[in-house]
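One structure below.
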Amino acid sequence: MTPPPSGGHPFPSQLRAWQASLRSQFPIITAHPDLVYLDSAATAQKPQAVLDAVHSYLATSNANASRGAYPWANSTTADIERTRARVQDFLGDPAPARSQVHFVSGTSAGLRSVARDWLPGYLRNGDEIIVPFGDHEANAAPWLEAQELLARQGTHITVHDMPYQRGSHDYDVVALAALVSPRTRFVATTHVHHVYGGDMNVHRVREVVGPDVVICLDAAQSAGHLPISLADLDVDFVAFSGHKALALPGTGVIWARGRRGPAFAPSGWSGTPNTVGIISLQAALDWLDSAGVGRIEQWTTALAARLTEGLRGLDRYDVLGCQLSLAQDSDVQQRKGIVTFRHQNIDAADLGFILYSHGFMVRSDTHCQARTGEARTSVRVSTHVYNTPEEVDRLVAVLAEL
Ligand code: PLP
């Protein structure tokens, strides 16, 4: 274990060699040793294996899927089917024969498809749904659009805001229990918060809402960052973005299990699938599994804890979200690889520019948070397996100068 310079909690140094060999597989990272990419919650960089899979497919067997009877078309169709099974396996699907995987362009499109193509057929007049207005806009707007659509058809539903705990920004399950009624039919949740970085403890939401309510999970910030086990989570829909899980942009997944309510069937003719993106997703999931998603979680959680501690050692910075999740061995270890903060006197946009002048790529705005989110801008640092404790220490050293 290597102590950080500030004397905070130790870093998992047994993962050093493992991480170094993985980092070396990201060409964009190794080509720019002077730059530090800390915006993986927006989109992740791609390992060579994903670039190779894309190149090899386009150079050797590019064709449309499910349309031709010749080998390139057949192998493209087979690749897409293989990727569906790969996704089920990656999500720890306990009953793959009873679930479906649909490819969409990202989490936003996936959640909107559930809201548009499935929810209206499931809800009845007077039903209630609970939606997290403090999460990403992608997990709020579609449910409100569904409410409007239903109202135009004469079906009136109530949309409640998912309650949060003050301070930790975890879901407040006590307040949630008070909201749940016999008319509660659907709850939208997020696995890892894209601003506060907390694991939102979705299993506790299931305990509170009971076995009959449909739960939809936004896994945009957890897929590829921590192991997902659908056997444990007991949710009905999962959406995630391939591009945040090391695959190409324009690739996303909606996983659906028709155990509660009607089967999920996206409406309309979807046309040619994003074959290259889907093939890149298969390669990305293979790469993540062989790297070990559990170790990626350990590594990025430790990076975030190191940064949080570094910031707390500087008196001019306020870290947003849970303050208890600092030590890696804490019982309350909730924060994953994302840390968001403000300087007490420097505007977040200015801080973003200053940090880039030192080579750090971070996000500084309000982070697409939905209706009840932070009103003021902040700086978000989001990590992946290619980041190092030295990068975090350099960042803290620059922040200390400001
Ligand atoms: N949900 C969360 C939690 C996110 O962080 C994001 C993107 O940052 C999204 C949804 C939307 O993802 P996409 O832009 O890939 O559709």
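The values are calculated or read from the model by the stated rules, or taken from the named source; none is laboratory data. Treat the numbers as computed from the prediction; the structure is a model and nothing was measured. Backbone-built Cβ (ideal geometry, glycine too); neighbour counts: all protein chains shown. In case anyone asks, the SASA skips ligands and DNA or RNA and just uses the protein heavy atoms, side chains included. Shrake-Rupley method; radii C 1.70, N 1.55, O 1.52, S 1.80 Å.
Points worth noting:
- Those residues of segment 339-373 which are within 23 Å of residue 108 (Cβ to Cβ), away from the ligand (no atom under 14 Å from the Cβ) and not hydrophobic (A, V, I, L, M, F, W, C), in sequence order: 364, 371, 372
- Within segment 292-301, the set of residues being surrounded by fewer than 21 Cβ atoms within 10 Å (Cβ to Cβ) and touching a helix residue (DSSP H, G or I) at 6+ places or on another chain (Cβ under 7 Å) comprises 295, 298.
- Some residue of segment 249-256 being within 23 Å of residue 203 (Cα to Cα), away from the ligand (no atom under 12 Å from the Cβ) and in the same structural domain as residue 91 (by TED's automatic domain parsing): yes
- Hits in segment 131-153 - residues which are of a type in the set (A, V, I, L, M) and either open to solvent by 10 Å² or more (accessible area, probe 1.4 Å) or not assigned by TED's automatic domain parsing to the domain that holds residue 113 (or both): 138, 141, 144, 149, 151
- Any chance residue 43 is closer than 30 Å to residue 144 by Cβ, open to solvent by 20 Å² or more (accessible area, probe 1.4 Å) and either in contact with a helix residue (DSSP H, G or I) (Cβ under 7 Å, 6 or more places away or on another chain) or part of a helix (DSSP H, G or I) (or both): yes
- A count restricted to segment 92-138 and to residues that are outside any helix (DSSP H, G or I), within 16 Å of the ligand (Cβ to nearest atom) and under 15 Å from residue 242 (Cβ atoms) stands at 5.
- Screening the candidates 295, 260, 306 for the property of being over 18 Å from residue 80 (Cβ atoms), touching a residue at least 40 places away in the same chain (Cβ under 8 Å) and touching a strand residue (DSSP E or B) at 6+ places or on another chain (Cβ under 6 Å) yields one hit, 260.
Residue by residue, here is whether (1) at pLDDT 95 or above; (2) of a type in the set (Phe, Trp, Tyr) holds:
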| position | (1), (2) |
| --- | --- |
| 55 | yes, no |
| 64 | no, no |
| 68 | no, no |
| 103 | yes, yes |
| 106 | yes, no |
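- Residue check, residue 91 in contact with a Cys (Cβ under 9 Å, 6 or more places away or on another chain) and of a type outside the set (Asp, Glu): no
- Conditions (1) part of a loop (DSSP other than H, G, I, E, B); (2) within 12 Å of the ligand (Cβ to nearest atom); (3) over 13 Å from the mean Cα position of the chain (by Cα); number of the one not met by residue 181: (2)
- Condition check for residue 13 on (1) under 30 Å from residue 312 (Cβ atoms); (2) small (Gly, Ala, Ser); (3) touching a residue at least 60 places away in the same chain (Cβ under 8 Å): one failure, at (3).
- In segment 59-78, the residue that is surrounded by the fewest Cβ atoms within 10 Å (Cβ to Cβ) out of those that are hydrophobic (A, V, I, L, M, F, W, C) and part of a helix (DSSP H, G or I) is 59.
- For segment 86-105, a residue qualifies if it is small (Gly, Ala, Ser) and either on the phi > 0 side of the Ramachandran plot or in contact with a Pro (Cβ under 7 Å, 6 or more places away or on another chain) (or both), and exactly one does: 92.
- Subset of segment 26-40 that is in a loop (DSSP other than H, G, I, E, B) and either in contact (Cβ under 8 Å) with a residue 40 or more places away in the chain or within 16 Å of the ligand (Cβ to nearest atom) (or both) - its residue that is farthest from the chain's Cα centre (by Cα): 34
- Here residue 213 fits the description: over 18 Å from the mean Cα position of the chain (by Cα) and either away from the ligand (no atom under 14 Å from the Cβ) or hydroxyl-bearing (Ser, Thr, Tyr) (or both).
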